[in-house]
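> My questions all concern the structure below.
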Amino acid sequence: MKTNKNGLNSKEVEKRQEKFGKNELEEIKKTTAFEIFIRQIKNPLIIVLIIAAIISFLLNEKIDAIVILFAIFLNAIIGFIQEEKAEKTMEALKKMVKFEAVVLRDGKKIKLDIKELVPGDIVFLESGDRIPADGRIIESTEFSTDESILTGESIHIKKDNHKITKNIELSGRTNMVYMATNSVSGRAVFVVTETGNKTEVGKINDLIKFKEDKTPIEKKQAKLAMQITKIIIGACILMFIIGVTFGRDIFEMFITSVAIAVSAMPEGLVIGVTVILAIGMRAILKKNALVRNLNAAQTLGSVGIICTDKTGTITQGKMYVTEIYTEDQEVKVLNIDRKLDVKIGISVELTAKIFSKCNNAYFSKNIKEIKNINEILGSPTEKALLYFSLKNNIKSISIDDRLDEIPFSSDKKVMFTMNKNNSKRNIIYTKGAPEKILEISDFIYKDGKVIKLDKKTREKIENKFKEIASLGLRILGCAFKECPKKEINFKNIDINNEFIFVGFVGISDPVRVDAKDVIKECRNAGVRLCMITGDNKIIARSIGDQTGLIDKNNIIMEGIEIDKLTDHELEKIIKKVGIFARTTPSHKLRIIKAFKNNGEIVSMTGDGVNDAPALKLADIGVALGSGTDIAKESSDIILLDDSLKNIIASVEQGRVVYRNIQKMTFFLLSDSFSRMFLIIGSIFLGFPIPILASQILISNLIEDTFPAMALSKEPADDDIMKEPPVGQDENILNFEMKFLIGFISLFLSFFMLFVFYFLYYIKGIDLKEARTVIFAISSVDSMLYVFSAKNLHKKITLNSIINNKYLLYAVLISFLSLIFIIYNPLMNKIFTTVPLTFIDWVLIFLVSLITIFLIEIIKYLFNKKYLKNK
């Protein structure tokens, strides 16, 4: 790095700043309020409506244009309000680095803004400092760091200046420090090797700048919009050809065809979808998950793969003592937050005492009773040891009697403390790697006595701790010995023998209580849960066995194995992988891409900086509420309480949202198309047009929209989590729905044509009145038909009518609006309606009830045949 013991000089710093630039990360661009608003307009259905509004203005159909623009504006406002709320709920992205560092320049230690650091600078670190750049350690004293934001694992890593082998993974580079990670103990001096976006955290920052693909739901909406447009345009071209063929004026037919095309567009669809998504967002928020954009609410319902980190989602994200072994007693800790249910023997009590004495974790003296592990400060391992002692009322846990200490080192893998004792001798406690503790132990504590440690007992202990270690637990052994009272430090003490072995503990990050049930629930719903972790294969397998994540059909794959595969090979084998271990951010990206290339809709859960690229690439990125700001900014959903259970609860709500959108789309399209086919049929038969474009528009917007929006409040169907997720290639409307839309639309249009023929040609009533009756029948039909459209597989029942009170209110509002349009003089002029008689209303309701009855028969016959074939 071309530096020396005096650090860089001012001239060299200037040159390097010019060459390497400032030591800062390029910020992720924040979504502005204007961009959120424009995002609402970009919806494919909205674009079609905008075109329809422009055409209406050009044809001087101002009422039609205003009604359409009102629908567009209302939709945009609803969507904007919901997404803007979500953005404000989440904290704005905080800069990863904004602080000072102690640097050696021109032979002097100075404090400066870390933005001014350049490669070659010598930086001094103390415990608690945030590391300002990537660098190589040149001096260290009992130094360790927390690199969890990069690796995803909350284990403190011991660091020193020793050489390491080449091509070692990031978590194994023990002579390097990394920007935005934290120093947790000791002190160190390092020389800066990389700054800004060249650092490890900077590389991840670059990875999340790629352009996101449209979500599967956005693609489906675009496809649906195109299909609707093609059908309407095709129908209107047919209408134009039929009209001209039957001798109608060409210009008149052109104007009529365009007007009907505009009015046939289901304006209520975009508003209804937005309302359903907004209500879905609020429902998901009640399950402690914050949805950051509307489309994520429905994409959740289609998720087939959930990729999740281990720490904090499947596990609790905290270390606890879960196994204790002594020659007298073996104990499994079943409830980590309560006192042991079994009586503690003297050996277990001594083991806990040693681990609390030979320990640097601490808590505030103002706290009378420790209620949870977060009240203890220190490294995760030492917190776990002290917490166990406190919960089990082990006496003499204070370290005020400590005389001297030899800290844990990565070479010796043991820690020693010398403490005062009540007897005439002082006492030395030690903890560390069990094989090292056994190595210095010549005796063993058993039944309250000290006896010689023979070869057979030694082998038995070794086999036992290897057995527990194979379960993925971290093992620590402990021992003690006495020394003369006059010795107050380790200067004259032999610490390599004569110790009395007492026992060892197994420490782990326990699996969440609900993890196994959640995984089972995922499988029942046809959703596959895949764990991606930076931990080794042993720990990964242990978690997999405990939760049921892996079985005979699933394998564990390490990052190094992924590196040997091509993308195509990974896509083939990934179907059999249940857990990925020893992974890096680039591995996570390849895993997500492989799943997506296999046609899966993928959700990724994570909390660290290292998870951000994968969160952004996934169809649904889910960040933990306790995660880093970059992870949250890259996500679509934030789990406010970090619970894995809330992911599947959100998936369930996403399915409710998706199914309600299907119901609403089915209802609106069959309604709109029935009116369009009504007009085509009338032109073909040479009738006057039975319903005007303005009447269709107002019916679409008011008579249909309120009931359609009320469908957003439909409760979940009983079978919603027993069906597989909707595939990426499946349309919003399946074959069954498309068939029924076509059949029901044609049926309704023919039935209304017959009524129009009867009224106008047989009864000879005025054309305005006949059109008003058809307008009323079309509207009342919609209000009743919505109860049939709620469930295509079940008949209308009293319960299905009353189980959604919002739908009842919506139908009432729609009916009152219809009355207002028919009886208000101003509305009569705008929409060409006339007041109707009592007899007219009897006919309207009679016809509407008959059509609904016949539609229910059609549903029954179709389902009987379709479901049988299926």
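The values are calculated or read from the model by the stated rules, or taken from the named source; none is laboratory data. From a predicted model like this one, the values you see are computed outputs, not experimental measurements. Glycine gets a Cβ as well: all are built from the backbone with ideal geometry, and neighbour counts include every protein chain shown.
> With respect to residue 684, is the statement that it is within 19 Å of residue 761 (Cβ to Cβ), assigned to a helix (DSSP H, G or I), at pLDDT 80 or above and among the aromatic types (Phe, Trp, Tyr) true?
yes
> Does the stretch 818-829 include one or more residues that are in the same structural domain as residue 734 (by TED's automatic domain parsing), part of a helix (DSSP H, G or I), surrounded by 13 or more Cβ atoms within 10 Å (Cβ to Cβ) and in contact (Cβ under 8 Å) with a residue 60 or more places away in the chain?
yes
> Taking residue 578 as the residue in question, decide whether it is at pLDDT 90 or above, among the small types (Gly, Ala, Ser) and either farther than 23 Å from residue 612 by Cβ or assigned by TED's automatic domain parsing to the domain that holds residue 719 (or both). Explain how you work it out, then say what you get.
Numbers: at pLDDT 90 or above: yes; among the small types (Gly, Ala, Ser): yes; either farther than 23 Å from residue 612 by Cβ or assigned by TED's automatic domain parsing to the domain that holds residue 719 (or both): yes.
Spelling it out, residue 578 is indeed at pLDDT 90 or above, among the small types (Gly, Ala, Ser) and either farther than 23 Å from residue 612 by Cβ or assigned by TED's automatic domain parsing to the domain that holds residue 719 (or both).
> Hey, does the stretch 593-602 have a residue that's within 12 Å of the chain's Cα centre (by Cα) and at pLDDT 85 or above?
Residues of the stretch 593-602 that are within 12 Å of the chain's Cα centre (by Cα), as a first pass: 602.
Those left that are additionally at pLDDT 85 or above: 602.
Yes: one or more hits.
> Every residue in the stretch 312-323 that is surrounded by fewer than 24 Cβ atoms within 10 Å (Cβ to Cβ) and either part of a strand (DSSP E or B) or out of contact with any strand residue (DSSP E or B) (no Cβ under 8 Å at 6 or more places or on another chain) (or both), please.
Of everything in the stretch 312-323, those that are surrounded by fewer than 24 Cβ atoms within 10 Å (Cβ to Cβ) and either part of a strand (DSSP E or B) or out of contact with any strand residue (DSSP E or B) (no Cβ under 8 Å at 6 or more places or on another chain) (or both) turn out to be 317, 318, 320, 322, 323.
Each row is one residue, and each column tells you yes or no for (1) closer than 18 Å to residue 778 by Cβ; (2) crowded, with 20+ Cβ neighbours inside 10 Å.
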| position | (1), (2) |
| --- | --- |
| 699 | yes, yes |
| 709 | no, yes |
| 715 | no, no |
| 718 | no, no |
| 724 | no, no |
| 731 | no, no |
| 742 | yes, no |
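> Another question, then. Consider residue 758 carefully, then state whether it is without any contact (Cβ under 8 Å) to a residue 24 or more places away in the chain and either within 24 Å of residue 831 (Cβ to Cβ) or crowded, with 20+ Cβ neighbours inside 10 Å (or both).
Yes.
> Being of a type outside the set (Val, Ile, Thr) and crowded, with 23+ Cβ neighbours inside 10 Å is the filter; apply it to the stretch 633-645 and report the residue that is nearest to residue 743 (Cα to Cα).
Going through the qualifying residues, I end up with 636.
> Another question, then. Quick one: in the stretch 462-478, which of the residues that are in contact (Cβ under 8 Å) with a residue 60 or more places away in the chain and in a helix (DSSP H, G or I) is farthest from residue 321 (Cα to Cα)?
Taking the candidates together, the pick is 464.
> Any residue in the stretch 424-444 that is of a type in the set (Gly, Ala, Ser), surrounded by fewer than 15 Cβ atoms within 10 Å (Cβ to Cβ) and either assigned by TED's automatic domain parsing to the domain that holds residue 330 or on the phi < 0 side of the Ramachandran plot (or both)? Before you say what the answer is, go through the steps one by one.
Initial filter on the stretch 424-444 (of a type in the set (Gly, Ala, Ser)): 432-433, 441.
The next check asks that each one be surrounded by fewer than 15 Cβ atoms within 10 Å (Cβ to Cβ); those that pass are none.
No, there is no match, as no residue in the stretch 424-444 is of a type in the set (Gly, Ala, Ser), surrounded by fewer than 15 Cβ atoms within 10 Å (Cβ to Cβ) and either assigned by TED's automatic domain parsing to the domain that holds residue 330 or on the phi < 0 side of the Ramachandran plot (or both).
> Here's a follow-up. Quick one: in the stretch 204-231, which of the residues that are hydrophobic (A, V, I, L, M, F, W, C), at pLDDT below 70 and touching a helix residue (DSSP H, G or I) at 6+ places or on another chain (Cβ under 7 Å) is surrounded by the most Cβ atoms within 10 Å (Cβ to Cβ)?
Step one: of the stretch 204-231, the residues hydrophobic (A, V, I, L, M, F, W, C) are 204, 207-208, 210, 217, 222, 224-226, 228, 231.
Subsequent filtering for residues that are at pLDDT below 70 retains 207-208, 210, 217.
After this cut, where a residue has to be touching a helix residue (DSSP H, G or I) at 6+ places or on another chain (Cβ under 7 Å) as well, the list is 207-208, 217.
Working: 207: 19, 208: 22, 217: 28.
Among residues in the stretch 204-231 that are hydrophobic (A, V, I, L, M, F, W, C), at pLDDT below 70 and touching a helix residue (DSSP H, G or I) at 6+ places or on another chain (Cβ under 7 Å), the one surrounded by the most Cβ atoms within 10 Å (Cβ to Cβ) is 217.
> Another question, then. Name the single residue that is nearest to residue 185 (Cα to Cα) among those in the stretch 111-170 being touching a residue at least 60 places away in the same chain (Cβ under 8 Å), surrounded by 21 or more Cβ atoms within 10 Å (Cβ to Cβ) and among the polar types (S, T, N, Q).
144
> I'm trying to understand the selection: among the residues of the stretch 324-344, which are crowded, with 19+ Cβ neighbours inside 10 Å and without any contact (Cβ under 8 Å) to a residue 24 or more places away in the chain?
331
> All but one of (1) surrounded by fewer than 16 Cβ atoms within 10 Å (Cβ to Cβ); (2) more than 28 Å from residue 157 (Cβ to Cβ) hold for residue 529, so report the exception by its number.
(1)
> A further question on this structure: Tell me which of these residue 614 doesn't satisfy, since it passes every other one: (1) buried (at least 24 other Cβ atoms within 10 Å of the Cβ); (2) closer than 23 Å to residue 721 by Cα.
Result: residue 614 fails condition (2) only.
> Here is a further query. Would you confirm, using the coordinates I've provided, whether residue 863 is outside any loop (DSSP other than H, G, I, E, B), at pLDDT below 95, in the same structural domain as residue 747 (by TED's automatic domain parsing) and out of contact with any Pro (no Cβ under 9 Å at 6 or more places or on another chain)?
yes
> I'd like to know if the stretch 794-807 contains one or more residues that are surrounded by 17 or more Cβ atoms within 10 Å (Cβ to Cβ), in a helix (DSSP H, G or I) and at pLDDT 90 or above.
Just the residues of the stretch 794-807 that are surrounded by 17 or more Cβ atoms within 10 Å (Cβ to Cβ), to begin with: 796, 804, 807.
Of the ones still in play, those that are also in a helix (DSSP H, G or I) are 807.
Those left that are additionally at pLDDT 90 or above: 807.
Scanning the stretch 794-807 turns up at least one residue that is surrounded by 17 or more Cβ atoms within 10 Å (Cβ to Cβ), in a helix (DSSP H, G or I) and at pLDDT 90 or above.
> Residues that are assigned by TED's automatic domain parsing to the domain that holds residue 348, closer than 21 Å to residue 318 by Cβ and in a loop (DSSP other than H, G, I, E, B): does the stretch 520-539 have at least one? Lay out the reasoning, then the answer.
So the first thing to find is which residues in the stretch 520-539 are assigned by TED's automatic domain parsing to the domain that holds residue 348, and the list is none.
Within the stretch 520-539, not a single residue is assigned by TED's automatic domain parsing to the domain that holds residue 348, closer than 21 Å to residue 318 by Cβ and in a loop (DSSP other than H, G, I, E, B).
> Let me ask another. Is it fair to say residue 834 is farther than 21 Å from residue 671 by Cα and in contact with a Ser or Thr (Cβ under 6 Å, 6 or more places away or on another chain)?
yes
> Test of understanding: among 201, 191, 177, which residue is closer than 16 Å to residue 151 by Cβ and at pLDDT 90 or above? Break it down into steps so the answer makes sense when it comes.
Values: 201 fails: at pLDDT 90 or above; 191 fails: closer than 16 Å to residue 151 by Cβ.
After applying the criteria, what remains is 177.
> Additional query: Got a sec? Which helices (runs of 4 or more DSSP H) wholly within the stretch 1-80 have at least 3 residues that are out of contact with any Pro (no Cβ under 6 Å at 6 or more places or on another chain) and at pLDDT 80 or above?
10-20
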